[in-house]
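Single-structure report; data block below.
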Amino acid sequence: MSELTSDAPIGERPDRPLRVAVIGAGPSGFYAVAALLDADLHVSVDVFDRLPAPYGLVRYGVAPDHQKIKNVCRVFEKAARDPRVRFFGNVEMGRDLSRDDLLRLYDQVVYAVGAQTDRRLGIPGEDLPGSWSSTEFVAWYNGHPDFAGADFPLHHRQVAVVGIGNVAMDCARVLARPAEDLAATDVADEALEVLRASRVTDVHVLARRGPAQAKCTPPELKELGELDDVDVLVDPADLEDAAAEGELDRQAEKNMALFQALAERGERGSRRRIHFHFLVSPTEVIADDGAIGGLRVERNRLLADAAGRVRPRGTGDTFVLPVSAVIRAIGYRSVALPDVPFDDRQGVIPNRDGRVVEAAGSTAVRPREYVVGWAKRGPSGLIGSNKPDSQQTVDAMLEDRKSLPPAADEAARRPAAVTALLAERGVRWVTFADWQHLDALEVARGAEQGRPRVKLCLVDEMLAALDAAPAEV
Ligand code: NAP
């Protein structure tokens, strides 16, 4: 660090730290915070989330029966407890703070907003009641406030899950596994009740390509085969065709071995079944008196495109799967932020190595604006993939920091300016200490039932719990 002279660049004097706003308190946001804290610099970071609870996808996306994955929150908690970091939960960009506010209050702004919505199939009937996106279903069973009270009546016997990525595996597993397996997790209470009463017996997983192109990872596929009282059904003929396709990568090889073992095991008379259907694409969700009367699917064959990528092509041969509910697990999309560029085709904030640019393919960088995570690269990768991704963006920020001019209004860069503005606007923000109180409350409620936590699922419920908290909180 250079000498502490009054004209030293921003971040090189303790009285003028680099002021950064991170919009979104999920994994990519917290990995960016951690990378900033590790830099040899004076930094002061404010993390905003529109929900009172931090941790984004870890709290609201990771399946309740994957509790171990949630241990990564310890890393994020360590960053959040650092005195250089403040958490502002229940503060929404666009509602409580504008882009202009952020650029006035901070030297640099990082968008870490993830991918909040789902991709669409674009077929008739997609919006019928009983046709759900995995975004909705996953958020609901994880107790996300936006989906509390959502209606997922699982009184159908046959359900289709479209897609064969890990989200599809999560959905199929949660639908098929005995609800009592989830009773000891942090699944939302309301979802647990519905899953306990579920009449689902058959879950149909639909892959538009073959088993060798399945996006799910081997541990998740293996887990399906290990569920109690669930048969996983794979047609051996589907594997023979795939075997003729030639060389496979490691994931495909492992998946194929698992599919092979499942095909050999066959049906064992379990209470529930997961059926894998390969080389099929939905073409219509069939309406039946306002409900779903089935899912029309078309058989595909595979063709390699010019780049050698194996693509599905419809054959015109269709049939109807007799399902009464459909979950589309075909990938997530980011949502545009007010006044921030958005690439509608890719569903991301256009950027170059994390620096926001004016439009997809543009080289015109928007100074002082950055992006990380799924909003940067699209919805792929495991939670840990966000670490190097966020580091790349932070490296760009640190590079740019060296030539940051002083702010037009230096007083606005003081931490107190943020709280003053939020207070003036009547925003009820949730601090990290507040969150720790809510966290302790959830864990205590869970302990009474032998569960890791019982989630507070409504924003009002969380705020009321804080209102009722002892004064020292
Ligand atoms: P994903 O891995 O990209 O899988 C999406 C699936 O949807 C693919 O099978 C894809 O088929 C299919 N699909 C896309 N468009 C389709 C269409 N129009 N019609 C039919 N099928 C279509 O996405 P994801 O499952 O949402 O997962 C997102 C990321 O989170 C992944 O990196 C995943 O590994 C990760 N994740 C990890 C875990 C875990 O570790 N347990 C859990 C959940 C999610 P094609 O392959 O043919 O495109």
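The values are calculated or read from the model by the stated rules, or taken from the named source; none is laboratory data. From a predicted model like this one, the values you see are computed outputs, not experimental measurements. Quick reminder, even Gly has a Cβ in these numbers, built from the backbone with ideal geometry, and neighbours come from all protein chains shown. With ligands, DNA and RNA removed, areas are computed over all heavy atoms of the protein, side chains included. Shrake-Rupley method; radii C 1.70, N 1.55, O 1.52, S 1.80 Å.
Details
- Cα gyration tensor shape of the range 332-440, rounded if a/c is under 1.5, else prolate or oblate by comparing a/b with b/c: oblate
- Under the Karplus curve 6.51 cos²θ - 1.76 cosθ + 1.60, θ = phi - 60°, whole-Hz ³J(HN,Hα) for the range 428-438, x wherever Gly or Pro sits: 9, 8, 10, 7, 5, 5, 4, 4, 4, 5, 4
- The range 1-75 pair-distance distribution - Cα-Cα, 5 Å bins, rounded %: 3, 15, 21, 17, 14, 11, 8, 6, 3, 2, 1
- For the chain, the dipole from Cβ point charges (+1 on Lys and Arg, -1 on Asp and Glu) about the Cα centre works out to 520 debye, to the nearest 20.
- Rg/Rh for the chain (Cα atoms only, Rh after Kirkwood) is 1.00.
- Long-range HN-HN contacts of Ala287 with modeled amide H, under 5 Å: Gly293
- Here the Karplus curve 6.51 cos²θ - 1.76 cosθ + 1.60, taken at θ = phi - 60°, turns the phi angles of the range 286-302 into couplings of 7, 7, 9, 6, x, 10, 9, x, x, 10, 7, 10, 10, 6, 10, 10, 9 Hz, with x standing for Gly and Pro.
- Residue pairs exceeding 27 angstrom between C-alpha atoms, taken from Lys70/Lys387; Lys68/Lys254; Lys376/Lys455; Lys68/Lys215; Lys215/Lys387: Lys376/Lys455.
- Per-residue ellipticity at 222 nm from helix content only, as computed over the chain with -39500 (n - 2.57) for each DSSP H run of at least four residues, stands at -9000 deg cm²/dmol.
- Largest-first ordering by accessible area, 1.4 Å probe, given options Arg250, Arg208, Arg16, Arg296: Arg250, Arg208, Arg296, Arg16
- Those GluC sites (Glu not before Pro) in the range 345-400 that DSSP places in a loop and that have at most 14 other beta carbons within 10 Å: Glu358
- Remark on Val161: its backbone amide H falls under 5 Å from those of His204, Val205, Leu206, Ile327, a criterion applied only to residues 5 or more positions apart or on other chains, H modelled at 1.01 Å from N.
- Neighbour-limited loop hits for trypsin sites (Lys or Arg not before Pro), the range 153-201 (at most 16 other Cβ within 10 Å; DSSP other than H, G, I, E, B): Arg157, Arg199
- Sites matching trypsin sites (Lys or Arg not before Pro) across the range 318-390 that sit in DSSP coil, with at most 10 neighbouring C-beta atoms within 10 Å: Arg345
- Computed 3J(HN,Hα) for the range 95-103, one whole-Hz value per residue from the Karplus formula 6.51 cos²θ - 1.76 cosθ + 1.60 where θ = phi - 60°, is 9, 9, 9, 9, 4, 4, 4, 4, 6, glycine and proline marked x.
- Nonlocal amide H pairs with Arg333, under 5 Å, H built at 1.01 Å: Gln116, Thr117, Asp118, Arg119
- Count Lys and Arg as plus one, Asp and Glu as minus one, and take only other residues whose Cβ is under 10 Å from that of Phe319; the net charge is then 0.
- Fraction of accessible area attributable to carbon and sulfur, the range 119-331 (%, probe 1.4 Å): 47 percent
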